[in-house]
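Asker: Can you keep this structure in mind? I'll have questions shortly.
The values are calculated or read from the model by the stated rules, or taken from the named source; none is laboratory data. These numbers were taken from a predicted model, which means no experiment stands behind them. Every residue, glycine among them, receives a Cβ derived from its backbone with ideal geometry; neighbour counts consider all protein chains shown.
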Amino acid sequence: MELIIVIVIVGILAAVALPKIYDYAPSSRTSVLKSVASALNAASANNHMLKKAGASLAVSGISNCTTIANVLPASSPLPSGFTISSQPLTSNSSARCTVRDSYGNTAYFLGWGT
């Protein structure tokens, strides 16, 4: 009898907990996408400032939003499954760039041309 009570309690807990666990997947995807967009924004802005300062560390030839991924540190490349829109950039100007994940979600970041 106690075993049946335990099974019923576990079943009720599972019925309540499992839907909540599955609700975390979309929000975690959104968080990852926003983090990637933030990293691209920071890398682009940092590279732009390095270029304006004449630093040798600056990456030249950023003429398209897709090439901003080249500015990311080697230890943190663009994760697989993410794509960046092909928006043209001119030197010393910015544009709104789009990054998409493999689920079709989009986020935006500011890209700077060098």
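Asker: I'd like to verify a number: residues in the range 87-114 that are surrounded by fewer than 13 Cβ atoms within 10 Å (Cβ to Cβ), of a type in the set (Gly, Ala, Ser) and under 26 Å from Pro26 (Cα atoms), how many?
Answerer: Total satisfying the criteria: 2.
Asker: Here is a follow-up. Taking the options Lys51, Lys20, name whichever one is basic (Lys, Arg), part of a helix (DSSP H, G or I) and modelled with pLDDT under 90.
Answerer: Working: Lys51 fails: modelled with pLDDT under 90.
Every option except Lys20 fails the conditions.
Asker: Return yes when Ala69 is in a helix (DSSP H, G or I) and within 15 Å of Trp112 (Cβ to Cβ) and no when it is not.
Answerer: yes
Asker: Is there a residue being surrounded by 10 or more Cβ atoms within 10 Å (Cβ to Cβ), in contact with a Leu (Cβ under 7 Å, 6 or more places away or on another chain) and more than 12 Å from Thr114 (Cα to Cα) anywhere in the range 43-62?
Answerer: Yes, that holds for at least one residue.
Asker: Yes or no: Ala39 in a loop (DSSP other than H, G, I, E, B) and crowded, with 17+ Cβ neighbours inside 10 Å?
Answerer: Numbers: in a loop (DSSP other than H, G, I, E, B): no; crowded, with 17+ Cβ neighbours inside 10 Å: yes.
Considered against the rule, which asks whether it is in a loop (DSSP other than H, G, I, E, B) and crowded, with 17+ Cβ neighbours inside 10 Å, Ala39 comes out as no.
Asker: For residues that are in a loop (DSSP other than H, G, I, E, B) and closer than 12 Å to Ser44 by Cβ, tally how many sit in the range 72-86.
Answerer: Here the count works out to 1.
Asker: Pairs under 8 Å by beta carbon, first residue under 16 Å from Ala43 (Cβ atoms) and in contact (Cβ under 8 Å) with a residue 60 or more places away in the chain in the range 87-114, partner hydrophobic (A, V, I, L, M, F, W, C) and loosely packed, with under 15 Cβ neighbours inside 10 Å, six or more apart or different chains?
Answerer: Pairs found: none.
Asker: In the range 69-86, what residues are of a type in the set (A, V, I, L, M, F, W, C) and within 26 Å of Ser27 (Cα to Cα)?
Answerer: Listed by number, the residues that qualify are Ala69, Leu72, Leu78, Phe82, Ile84.
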